[in-house]
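The values are calculated or read from the model by the stated rules, or taken from the named source; none is laboratory data. If you're wondering where the values come from, they're calculated on a predicted model, not measured in any experiment. Note that each Cβ is placed from the backbone with ideal geometry, even for glycine, and that neighbours are counted across all protein chains shown. The area values use the complete protein model at the heavy-atom level, side chains included, leaving out ligands, DNA and RNA. Shrake-Rupley method; radii C 1.70, N 1.55, O 1.52, S 1.80 Å.
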Amino acid sequence: AEDTRLIVPIGEWVLREACREAINWPSNVKVAVNVSGEQLLEQNFIATVVGALSSTGLPAQRLEIEVTESIFVRDSSAARGVLEQIMALGCGIALDDFGTGYSSLAYIRNLRFSTIKVDRSFVQGAAADNPESLAIIRAVVAMAESLEMSTTAEGVETERELAIIRGLGCRKIQGYYFGRPMPATDARGLFNRPQLQRAGS
């Protein structure tokens with residue numbers, strides 16, 4: 001889709017539909033939407049975000065845009081400018097797959113990401129007691145906390161991985177251990193579970 005530039009209209013549709021669905025969720029729940037570099041650097045991307053929020057009524061604070069480090073390699077200054085505008089709207093920005101690409105602390109120093117997402121490969125390494133993976137996750141968590149950002153561990157699939165990642169201090173955890181992709185109606189049903197209502201999330 002990126003090669004044919006179809007990612008732009010597809011991405012616009014995904015963003016609108018995600019916001020339209022999220023308005024049905026409890027007001028304290030955010031929705032995160034992955035955005036391609038092609039889409040982010042499109043001239044009308046900010047207008048697309050504003051349009052999705054205004055047409056659905058979703059507050060900007062409930063939308064988090066997920067980007068990968070690759071956007072900074074292509075055009076660092078343009079990417080930073082667009083992300084700053086998105087943050088000015090009140091949306092969060094998550095840095096996805098951190099540590100697997102062209103990781104640079106300059107990205108984190110220059111932009112106030114709301115979330116840093118630790119790649120699944122490090123989760124697997126930590127579960128296998130790989131000292132490098134354990135050290136990297138600890139370092140990312142400590143860095144994020146000192147900069148008032150949260151961390152999300154991606155791809156947690158087993159109870160052992162969950163226990164290890166929690167022990168390392170990750171605040172948010174996602175993966176098949178909690179659930180697989182599902183229809184929107186099933187996702188809404190998650191919010192009716194008593195344990196989620198008690199947790200307020």
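Below is a table of values for the structure above.
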read-out: Residues whose placed amide H lies under 5 Å from that of ALA153, excluding near-sequence neighbours; value: VAL118, LYS172, ILE173, GLN174
read-out: Reciprocal mean inverse distance between Cα atoms of the chain - Kirkwood radius, Å; value: 17.8
read-out: Pairwise label distance in nanometres, GLU132 with LEU190, each label 7 Å out on the Cα-Cβ vector; value: 3.3
read-out: Carbon/sulfur fraction of accessible area - the chain, other protein chains in place, 1.4 Å, %; value: 51
read-out: Probe 1.4 Å, all protein chains present, accessible-area order of SER27, SER133, largest first; value: SER27, SER133
read-out: Nearest-0.05 FRET efficiency for SER76 and GLU2, computed from C-beta distance (R0 22 Å); value: 0.75
read-out: 1.4 Å probe accessible area per residue over the chain, in Å²; value: 53
